[in-house]
Amino acid sequence: MALNKTMFSYSVFAEKSLSASRYLAIIAACAAPASTAITGVACIAMLITWLMSGYAWQSLKISAAQPAGKMLLLFFGWLIIGCCYADTAWADKITTLLSWKKLLYTFVLFGLFQQIEWKKRFVESYLAVMSVAAVVAFVLWIFNIQVKDGNAGIFMTNYSSQSLAFVAAALCCIFMLKQPVSLQKKYVLSGLIALFLLNIFFVSPSRSGYLALPISAAFALATMFGYKKLPHILAVTLVTLSLVVFTSSTLQQRIKLGLAEKTHAQTSQNITSIGVRVVFAQNTWELIQQKPLLGYGTSAFKSVYSAHVAPKYKDWRSEPATDPHNQYLFVWLENGLVGLLVFLAYIVVAIRQGAVLQPYGAIAASVLVAIAAASLFNSNFKTFPEGHLLAFFVGCLLAQSSINKEENHGTTK
């Protein structure tokens, strides 16, 4: 009798620990675009409560059984192999491995968020927080109040993270509109989409958002209505985007500035946002061509790139760099074509896994498409705000239900 009571007490404690871990994951996702402190604390607390539950091993087995989970393990395995042939100190290798830890959060969450109830709670919580944030940003913009980056309306970590946070929120609304909800809620969701669009295209100067939303929205609509309607979806997307381009002075100015910076990338006396990316891409590609298959090893980018550009230039282009502001070039240089193909395979497998799990898995797949597109010009899988946002969206919403009930015990309640 005493043994049964003890087992019941531990079961209750374990379940409460798992619930706490899930709530902390939701908090981390909501805080990721705005507060590194809250996100960091929430992540640590999430892992502690997950370990305290006693079901960590079972949940990891559930994660490893999922297609995207297997690809994550393969990618991390190759990162570790890359450490073995990188000509850098082990401190640098560990630092680089830790910069990829967001994907480990994704792997852990695959084993925690099987229940639809928790996915719904995640999306509703995120939308509630981002709705308030969008109103605040719009009001700040209207009254020309500058908080961050010298841009009115920006108050999160930076304008890129704020824009991509609203992109994720808009995608949530798009999928929620197709669900069996009341007419009143459909009006609210439609109003929120308009509010997020205003923030992305009129308030924020983030070119990442300008690129990410149209691509991910087209993918989301094709997932919802079928790929046979893709031509119609692309036409509507292009028309809408054209209207935005002609009406948003912020977007026009950013595009014009970007084109000018690209044109003068090699002759500008000062570092510019687009110009430095052009220089990074050119020199990174030159290095990749020397070791295309295996690359230079995990953590090698800074040392290899710096040694390459130092004797080549006599201006700002000779300065060392830790990242080329392109996630795919970064992976290719450090981990070779093999590492890049494994990384791309993870993205493709995760998108395919999510696309068939509507609405929540498809939301995760759409957010992944958005970040993957933006990562052509940033290393968003590794940056703190965007990396954590993506990790929790994919981990929480892409999780599949476990077929094995014995393994699933204690992880889906």
Quick one: if you stick a label point 7 Å off each Cα along the C-beta vector at residue 84 and residue 253, how many nm between them?
5.4
Nearby lysines by direct alpha-carbon distance to residue 262 (threshold 24 angstrom, same-chain neighbours under 8 apart not counted):
302, 312, 314
What residues from region 127-161 fall in the zone where the backbone N is under 16 Å from a label point 7 Å along the Cα-to-C-beta line of residue 202?
134-145, 152-154
Rough spin-label spacing in nm, given labels placed 7 Å along Cα→Cβ, for residue 401 and residue 263
5.8
Whole-Hz Karplus ³J(HN,Hα) for region 221-233, in order, using 6.51 cos²θ - 1.76 cosθ + 1.60 and θ = phi - 60°, x for Gly and Pro?
5, 5, 5, 6, 10, x, 6, 5, 8, 4, x, 5, 5
Normalising by the residue count of region 14-154, find the relative contact order in percent from Cα pairs under 8 Å and 6+ residues apart.
23
Give me the percent relative contact order of the chain, please, defined on Cα pairs under 8 angstrom at least 6 residues apart.
25
What does the highest-first list of 325-334, 219-228, 258-267 look like by mean Cβ count within 10 Å?
325-334, 219-228, 258-267
For residue 120 and residue 144 in the same chain, what is the full-extension length gain: residue separation times 0.36 nm, less their Cα-Cα distance, in nm?
5.1 nm
Compute the distance in nm between two label points, each set 7 Å from the Cα along the Cα-to-Cβ direction, one at residue 273 and one at residue 186.
3.8
Roughly how big is region 259-413's charge dipole about its Cα centre, with Cβ charges of +1 (Lys, Arg) and -1 (Asp, Glu), in debye to the nearest 20?
100
Cut-off under 26 Å on the C-alpha distance; same-chain residues fewer than 8 positions from residue 228 excluded. Which lysines are left, in chain and number order?
178, 186
Can you tell me how much longer the chain between residue 12 and residue 352 gets when fully stretched, taken as 0.36 nm per residue apart minus their C-alpha distance, in nm with one decimal?
118.8 nm
Length-normalised contact order for region 234-292 - Cα pairs under 8 Å, 6+ apart - percent
19
For peptides 125-131, 144-150, 171-177, 24-30, sequence by mean Cβ density within 10 Å, most packed first:
24-30, 171-177, 125-131, 144-150
Shape call for region 91-217 from the C-alpha gyration tensor, a ≥ b ≥ c root eigenvalues: rounded (a/c under 1.5), prolate (a/b greater than b/c) or oblate?
oblate
What length, rounded to one decimal in nm, is gained on full extension from residue 95 through to residue 294, with 0.36 nm per residue of separation minus their alpha-carbon distance?
69.6 nm
Do the alpha carbons of any pairs in 185/229; 101/256; 61/119 sit beyond 30 Å of each other, and which pairs?
101/256
Which of [x] 63, 55, 40; [y] 64, 48, 38; [z] 81, 56, 44 is the computed Cα extents along the principal axes in Å? It is [z]
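Since every read-out is calculated from the coordinates, none of them should be taken as a lab result. None of these values were measured; they are calculated from a predicted model. Don't worry about glycine lacking a Cβ; one is built from the backbone with ideal geometry, like all the others, and counts go over all protein chains shown.
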